[in-house]
Amino acid sequence: MGSRANLNSSFVRLLLSFLLLPYFLALRPIQNTDVIMRVIIREDPREVSVYIADYIISRIKAFNPTPEQPFVLGVPTGSSPELIYKILVQRHRAGEISFKNVVTFNMDEYVGLPRDHPESYHSFMYKHFFSHVDIPPQNINILDGTATDLVAECASFEARIARYGGIELFLGGVGPDGHIAFNEPGSSLSSRTRVKTLAYDTILANSRFFGGDTDKVPRMAMTVGIQTIMDSREVVIVATGAHKAFAVQKGLEDGVNHMWTLSALQLHQHPLVVCDRDATLELKVKTVRYFESIEQAGTDARTQGPALVYRPRTYVPAPLPTKTPKSQQPTPDGTPERVPKDLRINTELQRRALDEDELTPDSMSSRLVDSAIGGIDGALKSDLIFDRMGTRITTL
């Protein structure tokens, strides 16, 4: 009778050990983790922009760039970074930072728009940033949307990044649907710089920038890929406004998903998301409190996560085309010291605008506006039927 009781007791202990094993494994600390998502929350867009501008300046100064080893910065367009650029211009004019040894790579550009078109990203960057700081023109790299060979232009862009040793810090925004750059929902997470076909609702929403004529809106754009961004040593994302809240929630709390390309940053070694209070509305309360508690404990994005060590990186350059089209963007070595004479961009930036606290209205403010805005959905239901996802995943 006693042996039978001992057997039953042993069986119960064995059963309990199997049942409780997952629980004890979950409690065991994870060692040597290299991926830590860092989130900084500020009250409004201006505080967000000030934080990011200070962060970029601190990174450039810590890098101590030289002409032989410049700081390579990835930059976006749109309303989200516009205030950041304005603050950087102010700090430059105050003598706090120089961009003389900084090399920039822009995220994207419309296909078919000349550089001096008012809606091109060339125009945007020169108007809001490049024309107001001391960055040499030959250090500016923007995709050429008028290149005769777009595939070769994309390969050249990747090769230029590789020749500089990679991007140190890539600044980016996020769309309401969680896209970064023009990597719309459904984009491959291993994608490189390429041509993307724009979704119809993107074309329809952006037609207001082209006199309301959808025929004038470019159907394609050139964009860096998700893997191009992931290869950067550090990625900083700015997200402001309640219309970005759902994208932030999907990117931070849900799993990695190509339908929300922001979520790929969960796998990056040094990701940083800086958002305002409105952009956290869809996050769980404990998520917000967790990230706030980290900062309240005396740490911020400069000390969270693994140490950011600047070291040489090895890249395999993409093959360059044997013949470079005349209209193609020049390489860094071949770019003239002065701005090309045919580049007619209105770069006037009123000093009054630099002193204002509010954001300057900008036609680039939203690349992908929810189609429900302005009664667009109602118009579509009555007039058009189309497959929105069909064009999102079409690539050349």
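Okay, here's what the table says:
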item: Residues being β-branched (Val, Ile, Thr) and surrounded by fewer than 24 Cβ atoms within 10 Å (Cβ to Cβ) - total across the range 197-225; result: 4
item: Among (1) under 25 Å from LYS216 (Cα atoms); (2) touching a helix residue (DSSP H, G or I) at 6+ places or on another chain (Cβ under 6 Å); (3) of a type in the set (A, V, I, L, M, F, W, C) - the single one PHE124 does not satisfy; result: (2)
item: All positions within the range 231-247 that are small (Gly, Ala, Ser) and either open to solvent by 20 Å² or more (accessible area, probe 1.4 Å) or without any contact (Cβ under 8 Å) to a residue 12 or more places away in the chain (or both); result: ALA242
item: Filter result (in contact with a strand residue (DSSP E or B) (Cβ under 8 Å, 6 or more places away or on another chain) and modelled with pLDDT under 95) within the range 80-98; result: SER80, PRO81
item: Strands (runs of 3 or more DSSP E) contained in the range 87-183 and holding at least 1 residues in contact (Cβ under 8 Å) with a residue 12 or more places away in the chain and either charged (D, E, K, R) or over 24 Å from GLN69 (Cβ atoms) (or both); result: 108-110, 169-173
item: Residue in the range 261-276 that is of a type in the set (Val, Ile, Thr) and open to solvent by 20 Å² or more (accessible area, probe 1.4 Å) present; result: no
item: Count of residues meeting criterion [open to solvent by 10 Å² or more (accessible area, probe 1.4 Å), out of contact with any Gly (no Cβ under 9 Å at 6 or more places or on another chain) and hydrophobic (A, V, I, L, M, F, W, C)] in the range 83-129; result: 2
item: Filter result for SER80 (under 18 Å from the mean Cα position of the chain (by Cα), among the small types (Gly, Ala, Ser) and in a helix (DSSP H, G or I)); result: yes
item: Candidates LYS250, LYS284, filtered to the one that is open to solvent by 20 Å² or more (accessible area, probe 1.4 Å), at pLDDT 95 or above and in contact with a strand residue (DSSP E or B) (Cβ under 9 Å, 6 or more places away or on another chain); result: LYS250
item: Unmet criterion (only one of (1) farther than 18 Å from SER120 by Cβ; (2) surrounded by fewer than 20 Cβ atoms within 10 Å (Cβ to Cβ)) for ARG194; result: (2)
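Rundown of residues vs (1) open to solvent by 90 Å² or more (accessible area, probe 1.4 Å); (2) within 30 Å of GLY165 (Cβ to Cβ); (3) at pLDDT 90 or above, yes/no style:
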{"residue": "ARG13", "(1), (2), (3)": "yes, no, no"}
{"residue": "PHE24", "(1), (2), (3)": "yes, no, no"}
{"residue": "LEU27", "(1), (2), (3)": "yes, no, no"}
{"residue": "ASP44", "(1), (2), (3)": "no, no, yes"}
{"residue": "TYR55", "(1), (2), (3)": "no, yes, yes"}
{"residue": "THR66", "(1), (2), (3)": "no, yes, yes"}
{"residue": "GLN69", "(1), (2), (3)": "yes, yes, yes"}
{"residue": "PRO76", "(1), (2), (3)": "no, yes, yes"}
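The values are calculated or read from the model by the stated rules, or taken from the named source; none is laboratory data. This is a predicted model, so every value here is computed, not measured. Neighbour counts run over all protein chains shown; Cβ positions are idealised from the backbone, glycine included. Heads up: the accessible areas ignore ligands, DNA and RNA and are worked out on the full protein's heavy atoms, side chains in. Shrake-Rupley method; radii C 1.70, N 1.55, O 1.52, S 1.80 Å.
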